[in-house]
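All remarks here apply to the structure that follows.
The values are calculated or read from the model by the stated rules, or taken from the named source; none is laboratory data. Remember, predicted model here, so these are calculated numbers, not experimental data. Counting neighbours? That spans all protein chains shown, and the Cβs are built from the backbone with ideal geometry, glycine included. Calculation scope for accessible area: heavy atoms of the full protein, side chains included, ligands and nucleic acids excluded. Shrake-Rupley method; radii C 1.70, N 1.55, O 1.52, S 1.80 Å.
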Amino acid sequence: MSSSTDIAVSLGERSYTVKVGSGLLDEAGQHMAPLLRQKRVIVVTDANVAGLHLARLDAALDRAGITHQAIVLPPGEHTKSFEHLQQLTGDLLDRGIERGTMLVALGGGVIGDLAGFAAAVLLRGIDFIQVPTTLLAQVDSSVGGKTAIDMPQGKNLVGAFHQPRLVLADVDVLQTLPRREVLAGYAEVAKYGLINDPAFFQWLEANGEAIANGDSAARRHAVATSCRAKAAIVAADEKEQGDRALLNLGHTFAHALETETGYGPDLLHGEAVAAGMALAFDLSVRLDLCPAADAARVRRHLRAVGLPAGLGDIKAPRGQHGWNTRGLLAHMSKDKKVRDGKVTFILARGIGKAFIAPGIDLALVEAVLQDAAVA
Ligand SMILES: NC(=O)c1ccc[n+]([C@@H]2O[C@H](COP(=O)([O-])OP(=O)(O)OC[C@H]3O[C@@H](n4cnc5c(N)ncnc54)[C@H](O)[C@@H]3O)[C@@H](O)[C@H]2O)c1
Ligand SMILES: [Zn+2]
């Protein structure tokens, strides 16, 4: 049996384990079996992941004597829609699911969010297991119980908190993930160092390249450390009444960049988060909260692994010569956290010292964006 690191997400009766390791997909059946009320699971996945990894999961379930069926959805953010939710829940009902049937989400954040939401609402809630296959899903979306679909009005606007019963993060499956997707997930890994773990950030400065290049031991450490950080934050604030908002470091800027690029393929979420974290440090420096050397170190590291860390590093939206800072500001002022032209940001007093800062004046943010367009 392979070795794995077990991380507990402590939420009373909704507690569960996040297993991080190599070879976990081949052992999935034995890890799932104790949690099953019926020896039957339905796997929800996307066509890319099905082609690469479904056969191994099927074989593992067979070995454990677990009956299984798979539902394969198209890959991409568009799948996180009402239409696909309707189709998926209908398909699951047609297959005769019961309260005791376990759903298994095998895929990235899109599959995890959609299948998790389907599990939250079907028959008023059935159990599900996350088997995340992207770095982003392993370090972020599979842990914490946020599930959702997108609406024409915006991303993640219809959803529910529904915790999984188990998360199996097998770093081996990341070997087939395109490098650009690995780096996008890496931005969220770096985020945990920047929030409250300066020693981890320092470790990333030495090992970021190895993680990007596929080093399994480095990836295991990075995923386990990230999941431990997320588990601690979620256990303290499951429904984001307080400190869970720290996980939004870089995200107010990121969402504005993503809105401006229309959530298209030119800018992945993690890429927007990388640039957004660099901008959040710039804003912290401008407010005299953070040493300029720390912001420079953040930018240097993100660029060293190949992530964008300034507006100049990202292609401006199609048909535009440069970034429209006014447009970006307009998106931020529509953010649900705005009051009287003041926005809540996650800022930092240094690397590993993030905090929630309400009441930040958008004029200062504009100045930071203008500087970043040339930085
Ligand atoms: N619930 C949360 O807390 C939370 C947190 C962060 C992000 N999210 C959501 O997660 C989604 C993004 O997730 P994502 O980045 O994983 O995107 P994704 O699920 O679209 O996966 C990215 C691409 O990689 C492919 N893929 C997945 N695993 C693979 C593998 N092992 N090998 C090769 N290709 C593989 C997918 O088919 C897809 O084309 C967004 O919808 C976002 O809103 C949710
Ligand atoms: Zn994110």
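The H on the amide N of Ile71, modeled in the peptide plane, is under 5 Å from the matching H of Val43, Val44, Thr45, each at least 5 residues off or on a different chain. Between Leu157 and Leu287, residue separation times 0.36 nm minus the direct Cα-Cα distance comes to 43.6 nm. Mean separation of Cα pairs under 8 Å and 6 or more residues apart, divided by the residue count, gives the stretch 129-217 a relative contact order of 30 percent. Averaging Cα coordinates gives a centre for the stretch 316-375 and one for the stretch 88-121; these two points are 37 Å apart.
Using a 1.4 Å probe on the protein chains only, how many percent of the accessible area of the stretch 165-257 belongs to carbon and sulfur?
Values: 1510 of 3190 Å².
Ligands and nucleic acids excluded, carbon and sulfur reach 47 percent.
Helix 179-196 against the longest principal axis of the chain: what's the angle in degrees, Cα atoms only, rounded to the nearest 10? So the inclination is approximately 70 degrees.
Given the C-alpha centroids of the stretch 239-307 and the stretch 126-171, what is the distance between them in whole angstrom? With the stretch 239-307 and the stretch 126-171 each reduced to a Cα centre, they are spaced 21 Å. A simple charge model with +1 on the Cβ of Lys and Arg, -1 on the Cβ of Asp and Glu and nothing else charged puts the dipole of the chain at about 380 debye relative to its Cα centre.
Mean sequence separation of contacting Cα pairs (under 8 Å, at least six apart), scaled by the length of the stretch 206-302, corresponds to a relative contact order of 17 percent. The alpha carbons of the chain occupy a box of 60, 41, 40 Å along the principal axes, longest dimension given first.
Among Ala210, Ile233, His84, whose Cα sits farthest toward the positive end of the charge dipole of the chain (+1 at Cβ of Lys/Arg, -1 at Cβ of Asp/Glu, about the Cα centre)? Going by the charge dipole, the pick is Ile233. Dividing the mean sequence gap of close Cα pairs (under 8 Å, 6+ apart) by how many residues the chain holds gives a relative contact order of 14 percent. Here the chain carries DSSP beta bridges of which approximately 45% are antiparallel, counting only pairs with both residues inside.
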